[in-house]
1. Quick check: anything in the range 240-248 closer than 30 Å to R353 by Cβ, assigned to a loop (DSSP other than H, G, I, E, B) and open to solvent by less than 50 Å² (accessible area, probe 1.4 Å)?
2. Of the numbered conditions (1) closer than 24 Å to L94 by Cβ; (2) hydrophobic (A, V, I, L, M, F, W, C); (3) assigned to a helix (DSSP H, G or I), L220 satisfies every one except a single condition; which is it?
3. Considering only the range 183-213, state which residues are hydrophobic (A, V, I, L, M, F, W, C) and open to solvent by 50 Å² or more (accessible area, probe 1.4 Å).
4. Considering only residues that are in a strand (DSSP E or B) and surrounded by 18 or more Cβ atoms within 10 Å (Cβ to Cβ), which ones fall in the range 9-24?
5. Can you confirm whether the range 129-138 contains a residue that is modelled with pLDDT under 90, under 27 Å from D15 (Cβ atoms) and assigned to a helix (DSSP H, G or I)?
6. Of everything in the range 25-41 that's aliphatic (A, V, I, L, M) and surrounded by fewer than 24 Cβ atoms within 10 Å (Cβ to Cβ), which residue is nearest to E70 (Cα to Cα)?
7. Could you list, in sequence order, the residues of the range 63-75 that are assigned to a helix (DSSP H, G or I) and open to solvent by less than 20 Å² (accessible area, probe 1.4 Å)?
8. Give me a count of the residues in the range 164-182 that are open to solvent by 50 Å² or more (accessible area, probe 1.4 Å) and either of a type outside the set (K, R) or not in a helix (DSSP H, G or I) (or both).
Amino acid sequence: MIQTALISAPGRSGDRIFRRSLLERLVVSCERVGVKRIYVQAAAGDRERVTKSLGHFAFDRRVSIVDSFEQLMRGPFGLDPSEPCVRLSGNLVLPTSHLNRILEKSRGRSGPVVNTVSADHERGGSISTGPLAELIRADRARATVMHTSNYLPFALNGRVEDRDEAELRLARALKEETAAKDAPLARYVDRNLSWRISRRLAQTAITPNQVTLTNTVIGLTSAWLFAQPSYWLRLIGSLLFLFSIMIDGVDGELARLTMTETKFGGMLDLITDNIVHIALFVAIYVGCYRASGSHNYVYLIPIVLGGFGMCAIATYLAMQFTGEEAEEWLGQVDRVTGRDFAYLLVVFALFNRLDYFAWGTAFGTYVFAIVLAYMTYRKWSRAKASSIASESPSETESISETESTSKTARAI
């Protein structure tokens, strides 16, 4: 696993990309992919500028500013020349996920340097992985060249518009990061709206948690509208809830763009989403009761809440699955537990048939929970059977060796 990063101090290290300096963004990305030691190469005359660009990393013991990378293999550093490293050159702008993919591809690999060039027209930046000594020699002519996407990583090359172009490409890349787990409508409709909003907000002082709380208010307002007997108010509530769903990913996208993700922010988003969901479904039954006068909808409220509880347990069990197929399986779980139902809710509200939705949800949640639990059980069973099968050859070989030894002993 690569634990050492070499960063050639960018000429535009102080340029701010979504509230952070370019150099600080590179260091944050290195930190988040598991790099333990970061060496920034800068001439003596540039040290003050580089130190300022490092932000809160300026006094971090994991980050060192050196005159040249050659000195890392001697003196107080004494790094092994064969140690696998990553080297970042140029005024690079890239999301952490891209750097992580590059390092994943190089894991366990030995051989020449692998050089990933930037996607700008000038190819002004690069990310190289390989042994320390090879990276220092920077023999890029023999390096294996790779490309990660059509528009990232991107290098600023002296043009005034480069900064805006870099921010645009970072924002567009947000869709790729969630493509594997987004439900179809979320991927092709919601994300095409949310990344544009996120880009605009990232250029302001608005925080992700403020977006989360604002969206919670929108969701609760839509729930209040659903609880009214009026056809038009409930239709407006369905549209408002759809809007809330479409921008639900903005808080997370804003956090990734500004590199301000926190565990608290993730928990706040999860808790507020569940509060809105419970309020919304209870409100739908209240609205149906007030519109029809039937007490059946009141009796359905505890039933649907029980169904939600079962769905929560089934989803939790599904998310515990591990193994080679875990990533694909978890992506499937995310897609089927997504909130594309908001579009269906608008259709029912438009035709004044929210009662159909209410009855279907009350018992459909139990069916969904049972099916998901059964599929998870089958996944676990197949994974266990596969594990036993993979261990069997070793056991057979061991038995054969034992029998062979016994025969040899008897022959002697």
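The values are calculated or read from the model by the stated rules, or taken from the named source; none is laboratory data. This structure is a prediction, so every number in the text was calculated from the model and none was measured. With ideal geometry, Cβ positions are generated from the backbone for all residues, glycine too; neighbour counts draw on all protein chains shown. Surface accessibility is based on the protein's heavy atoms, side chains included, excluding ligands, DNA and RNA. Shrake-Rupley method; radii C 1.70, N 1.55, O 1.52, S 1.80 Å.
1. Yes, the conditions are met somewhere in the range 240-248.
2. Condition (1) is where L220 drops out.
3. Correct list: L185, V189, L193, I197, A205, I206, L213.
4. I17, R20, S21
5. Yes: the range 129-138 contains one or more residues that are modelled with pLDDT under 90, under 27 Å from D15 (Cβ atoms) and assigned to a helix (DSSP H, G or I).
6. That would be I38.
7. Within the range 63-75, F69, L72 qualify.
8. 6
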